[in-house]
1. Work out how much length Trp13 to Val213 would gain on full extension: take 0.36 nm times their residue separation and subtract the Cα-Cα distance, in nm to one decimal.
2. Per 10 Å bin, what percent of the C-alpha pairs of region 1-156 does each bin hold, from zero upward?
3. Could you compute the FRET efficiency for Lys334 and Arg301, with r as their C-beta to C-beta distance and R0 at 45 Å, rounded to 0.05?
4. If amide hydrogens are placed 1.01 Å from N in the peptide plane, which non-local residues have theirs closer than 5 Å to the one on Lys287?
5. In which sequence would Lys152, Lys294, Lys73, Lys287 go, from the one with the fewest C-beta neighbours within 10 Å to the one with the most?
6. What list do you get for Leu283, Leu39, Leu104 if you sort them by fewest beta carbons within 10 Å?
7. Measuring from centroid to centroid over Cα atoms, what is the spacing of region 310-333 and region 43-73 in Å?
8. Using Cα atoms only, what is the angle between the long axis of helix 326-344 and the major principal axis of the chain, expressed in degrees (0 to 90) to the nearest 10?
Amino acid sequence: MAPLALLYGFVIWIRNKFFDWDILPEQEFNLPVINVGNLMVGGTGKTPHVEYLLRMLQPTNKTATLSRGYGRKSLGYILADAQSTAAEIGDEPLLYATKFKDTLVCVCEKRVYAIPNLIGDHPETDVIIMDDAFQHRSVKPGMNILLTRFDKPFYTDFLMPSGTLREWRSGYKRADMIIVTNCPPDLDSATRKEIIERINPFPNQLILFSVMVYNAPVHAFSGAVLRETKRVKAFVFSGIANARPFENYCESIFEQTFPLEFKDHHEFDQGDVDDIIHRYSKLEGEKIIICTEKDWMRLVRTDREQQLKDLPVYYLPIEVKLLDDEDKLVERLKTWMQTFTVEEE
């Protein structure tokens, strides 16, 4: 695969150079635009990190998110509302719209066209968080946050199809912050130092480390929280890029688990749900069905949701916590966002 990777890498290198040389334009906007992205294909935890930023910024700012809306069946610019479905806007934007009622959630293939529409419709917008736009350079964000997984950092990876990198490793130079995700909670200082040395950041780049924290299972229909899980058997299904951490956590809290994996962003059809129900029905004793919160978004407001309404279906919420350095992130964002206030004055 090396020759194909080199050919792919050459095309990507030329494209990036065209942006660097201003042959292809990068549009900047006069309000804070934050991008959360990565260099690799697959899961690095973009969605929970966007949620982390929303929890931080929403109390004092009018926030908005902008996504491509991967997997949706619609086209063009769409602003989410209370009737939106994953088929219309994508599972991740629907998750943002469901959890953050005061945040504007929009999707569009061309982000450079979406932002003027969003600002025109809602001029009160204070900050826009773009989801997965590190390679979409037609918009130049004021703050570029690059995510890289602890178990597969970009500096050990290779270009597709030899590896999972979307572009050369040197793309990390465009980042203002680099967050190493999915870290073990007890990550020691020596390992952190080694990772930072391998990244070899520029003086302006802030390196942070985050962990994924699973909360108690939530009943998909009633919202009730399941506290006692040790005597419960769980039929576990998922359609995410990296299901192993989710499955491992379920194994740790339930008496026994029975996993079923689908491809990332899988659109569940009636046959899939029939199969899930059939497999679940074979389990004996106290039992539930559980999936990720993002998977549940692809079932909400569909006929498949109705198939499951009389069963004990739960989803597992997840959130991000930084290891010790949250004050550094807060200070960096606060200082940067204040520059826009000064410019307006």
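1. Details: separation 200, 0.36 × 200 = 72.00 nm, distance 3.66 nm.
Gain in length upon complete extension: 68.3 nm.
2. Pair shares across the bins are 10, 37, 35, 15, 3, 0.
3. Numbers: r = 38 Å, r/R0 = 0.84.
Computed FRET efficiency for Lys334 and Arg301 comes out at 0.75.
4. Long-range HN contacts for Lys287: Lys233.
5. Working: Lys152 15, Lys294 22, Lys73 12, Lys287 19.
Placing the least packed residue first, the sequence is Lys73, Lys152, Lys287, Lys294.
6. Details: Leu283 15, Leu39 26, Leu104 20.
Ascending number of Cβ neighbours within 10 Å: Leu283, Leu104, Leu39.
7. 12
8. 50
Laboratory data are not the source of any read-out in this text; all were calculated from the coordinates shown. Note that this is a predicted model, so its numbers are computed, not measured. Virtual Cβ from ideal backbone geometry, glycine too; neighbours counted across all protein chains shown.
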